[in-house]
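Report on one structure; see the data block that follows.
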Amino acid sequence: MKRPYDRELTTEELLRLKDEDIDYSDIPELDDDFWAKARIIMPERRKKIQITAKFDADMVAWFKAQGRGYQARMNAVLRSYYETARRSGI
């Protein structure tokens, strides 16, 4: 279906589409300028649990370089991904 849709699709129709059949032509790519302007929105405080996890060293260094609260910012990024995936049924 690599073409613009001739009508607006219902939620049910969208959920049935395969990724390769979705027309993304009207969505701009997220380039460096987008990420330069992006801001993390911190979620409301929730109960936390302590775990042991491994992350890429350069990623942790980048978050730490932003100062105090780096783990909360990492959690905010993960929560954003989680919320988006949950809404889309992933």
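Couple of notes before you dig in:
- Backbone phi angles across region 24-41, fed through the Karplus curve with coefficients 6.51, -1.76 and 1.60 (θ = phi - 60°), yield HN-Hα couplings of 9, 4, 9, 9, x, 5, 7, 8, 4, 5, 4, 5, 5, 9, 5, 10, 7, 9 Hz in residue order; Gly and Pro are listed as x.
- Rolling a 1.4 Å probe across the protein heavy atoms gives region 4-78 an accessible surface of 99 Å² per residue.
- Rounded to the nearest 0.05, the FRET efficiency derived from the C-beta distance between residue 72 and residue 27 at R0 = 35 Å is 0.75.
- Computed extension length for residue 64-residue 83: 4.4 nm, one decimal, from 0.36 nm per residue of separation with the Cα-Cα distance subtracted.
- Nearest-10 value in Å² for the accessible area of residue 48, using the 1.4 Å probe: 130
- Percent of Cα-Cα distances greater than 15 Å, calculated over region 41-82: 45
- The calculated FRET efficiency for the pair residue 56 and residue 8, based on their C-beta separation and a Förster distance of 41 Å, comes to about 0.50.
- Computed from Cα positions, the angle between helix 70-87 and the longest principal axis of the chain comes to roughly 20 degrees.
- In the chain, the portion of solvent-accessible area held by carbon and sulfur atoms comes to 55 percent [1.4 Å probe, whole percent, DNA, RNA and ligands not counted].
- For volume of the Cα convex hull per residue in Å³, calculated from these coordinates, the label among [x] 87; [y] 175; [z] 218: [y]
- Within the straight-line cut-off of under 22 Å between alpha carbons, the lysines reachable from residue 18 are 2, sequence neighbours fewer than 8 places apart in one chain being disregarded.
The values are calculated or read from the model by the stated rules, or taken from the named source; none is laboratory data. All of these numbers come straight from a predicted model, not from anything done at the bench. Ideal geometry is used to build each Cβ from the backbone, glycine not excepted, and the neighbour counts take in all protein chains shown. SASA here: full protein model, heavy atoms, side chains in, ligands and nucleic acids out. Shrake-Rupley method; radii C 1.70, N 1.55, O 1.52, S 1.80 Å.
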